[in-house]
Amino acid sequence: MAPSTPLLTVRGSEGLYMVNGPPHFTESTVFPRESGKNCKVYTFSKDGTLFAWGNGEKVNIISVTNKGLLHSFDLPKAVCLEFSPKNTVLVTWQPYTTSKDGTAGIPNLQLYDVKTGTRLKSFIQKKLQNWCPSWSEDETLCARNVNNEVHFFENNNFNTIVSKLHLQKINDFVLSPGPQPYKVAVYVPGSKGAPSFVRLYQYPNFAGPHAALANKSFFKADKVTMLWNKKATAVLVIASTDVDKTGASYYGEQTLHYIATNGESAVVQLPKNGPIYDVVWNSSSTEFCAVYGFMPAKATIFNLKCDPVFDFGTGPRNAAYYSPHGHILVLAGFGNLRGQMEVWDVKNYKLISKPVASDSTYFAWCPDGEHILTATCAPRLRVNNGYKIWHYTGSVLHKYDVPSNAELWQVSWQPFLDGIFPAKTITYQAVPSEVPNEEPKVATAYRPPALRNKPITNSKLEARSDKSPDLAPTPAPQSTPRNTVSQSISGDPEIDKKIKNLKKKLKAIEQLKEQAATGKQLEKNQLEKIQKETALLQELEDLELGI
């Protein structure tokens, strides 16, 4: 039997406290509210049974299940906390400082035994980047990046480095998830004309020229993001440059690479130019979704051959989030976009709902795979702070607005291990809610008659498909938009002029088609005009979606 919905932890100027999840939303008695503004950090264990927080004086650990205080450590400056996967070790980090006379500072990375409260080891960890050691899921292996090397420890014995992975300058590494054999992906930036590269190894086989399972090199990379799939069979690498030398984008340039542990590698061909905003693996490990291209951005699902499986077309989006069970995908436009979300059934490629979460700075799926958390937090935004709990069908089930003189800094779900919550059948009907959704309804762009009742997409893949996606109704209650200016008014005279001309051409084509339908013989140039209709419709759609 699945447990009740996970707790919600809230941290802000009103203090640190927990809220019961749906359907209750009352303040939880598991954790007595810590008042004041001094709480800088908190974390749950991976299974959600332990909770640690720092209040500016001490770092405390409690058991969520029996509500008891387990340990308290004098660490007033701790700003990062993390539990090892099986709750054996608590890691704490505070900013590194040197003494006034220039001598080395004291170790700032501490590892504590959760069972006894004793300190296992202290390290100097100057950078916040990759501050926390990485464990295998069974804690047999632990690794740290030290002086361009990766140091490996076994069975939580931190006094002995069992193995080292040494290349010229390892900048980053990621341990694979799942059981043995363990694998590690390492990134070495290019220098002196040599390319950057990512290599995959199987622990502890690091020596020799043929030790690597796979290797992928690239010249355009100032930094990379490496993403293992859940089954540890492949890594996606987003390679980024800080500057786009063509001047086309202030985001710099990004390329997406696929590297498999069987030695296969490929550049993922993205059919629209522009930034790569987000890439996420499905928990099935057999597909991934990329959001990319100049606005309006495209979103596409690819298989392990890096072939496109489904194209969602273009829209105002820059993020993608698979549900924990992998059966629902949310495409969203946060940050400088309006907070529009598209919730998709990715088994049937049907749109479930299109809620809007304006000004959101945070999004998270609940471990139950049914509920969604969106929040507006400081310091990203210092006004209209608060959070909402949604059902994926678009209903707002709970809303909390922080008082105008207060701030919300962090909010998150209590985690649970995979498999605790079973996957449920997807529903398309909005669940009932007593909370009115006050989000503005997104004004829709003009759609010519030929494109109405069709999904908004320019997917050649879908055009070839026998089965176009059905659009389920959008059931979420939505209020009148705050911005009553017509959506076709872009504010850019050039764009308005292009839209007007395109509509004029499309109207003329409609008239020609009506004439042809009555039996009138059309001239060659008139037939050529009709053949251009699809391209004109797509151009108009792209312009209006970009407004």
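Coordinate-derived values only; no laboratory data. Being a predicted model, the structure only gives us computed values, none of them experimental. Cβ sites come from the backbone with ideal geometry, for glycine too, and all protein chains shown count toward neighbours.
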Mind checking which lysines have their C-alpha under 20 Å from residue 503, skipping anything on the same chain fewer than 8 residues away? 454, 513, 529, 532
Would you kindly derive the ³J(HN,Hα) couplings of the stretch 419-426 from the backbone phi angles with the Karplus curve 6.51 cos²θ - 1.76 cosθ + 1.60 (θ = phi - 60°), listing them in order in whole Hz, with x for Gly and Pro? x, 5, 9, x, 6, 10, 4, 6
For the stretch 325-337, just list the computed ³J(HN,Hα) in residue order, Karplus coefficients 6.51, -1.76 and 1.60, θ = phi - 60°, integers in Hz, with x standing in for Gly and Pro. 8, x, 9, 10, 10, 9, 9, 9, x, 10, x, 7, 9
Only counting other Cβ atoms within 10 Å, I'd like 41, 280, 343 sorted with the fewest neighbours first. 280, 41, 343
Applying 1/(1 + (r/R0)^6) with R0 = 22 Å to the Cβ-Cβ distance of residue 72 and residue 161, what FRET efficiency is obtained, to the nearest 0.05? 0.10
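Which of the trypsin sites (Lys or Arg not before Pro) found in the stretch 72-163 are in a DSSP loop and have at most 10 neighbouring Cβ atoms, other than their own, within 10 Å?
Sites meeting the loop and neighbour criteria: 100, 127.
Mean residue ellipticity at 222 nm from the helices of the chain, using -39,500 (n - 2.57) per DSSP H segment of n ≥ 4 over the full residue count, to the nearest 500 deg cm²/dmol?
Value at 222 nm, helices only: -3000 deg cm²/dmol.
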Per-peptide average of other Cβ atoms within 10 Å, ordering 525-532, 307-314 highest first: 307-314, 525-532
Would you mind ranking 196, 122, 13 by Cβ crowding within 10 Å, fewest neighbours first? 122, 13, 196
Where a Cα-Cα gap under 16 Å defines reach, which lysines qualify for residue 86, not counting those fewer than 8 residues away within the same chain? 46, 115
Per-residue counts of other Cβ atoms within 10 Å, averaged by peptide: what ranking do you get for 507-514, 409-416, highest first? 409-416, 507-514
Working out 0.36 nm times the residue gap between residue 202 and residue 33, then minus their Cα-Cα distance, what length gain in nm do you get to one decimal? 56.3 nm
How much length is gained if the chain between residue 218 and residue 284 is pulled fully straight, taking 0.36 nm per residue apart and subtracting their Cα-Cα distance, in nm to one decimal? 21.0 nm
Which trypsin sites (Lys or Arg not before Pro) does the stretch 271-371 hold that lie in a coil by DSSP with at most 10 other beta carbons within 10 Å? 305, 347
Starting from the Cα of residue 424, draw a straight line to each of the aspartates and glutamates and keep only those under 17 Å, dropping any in the same chain fewer than 8 residues away. 345, 368, 370
Residue-wise HN-Hα coupling along the stretch 525-535, computed from phi with Karplus coefficients 6.51, -1.76, 1.60 (Hz; x: Gly, Pro): 5, 5, 5, 5, 4, 4, 5, 8, 4, 4, 5
Kindly put 328, 62, 495, 389 in sequence by how many other C-beta atoms sit within 10 Å of each C-beta, fewest to most. 495, 62, 328, 389
Could you tell me the distance between the Cα centroids of the stretch 368-418 and the stretch 253-279, to the nearest Å? 32 Å
Report, by chain and number, residues whose modeled amide H sits under 5 Å from the one on residue 410, excluding near sequence neighbours (fewer than 5 apart, same chain). 11
Built amide H within the under 5 Å cut-off of residue 277, gap 5+: 291, 292, 293
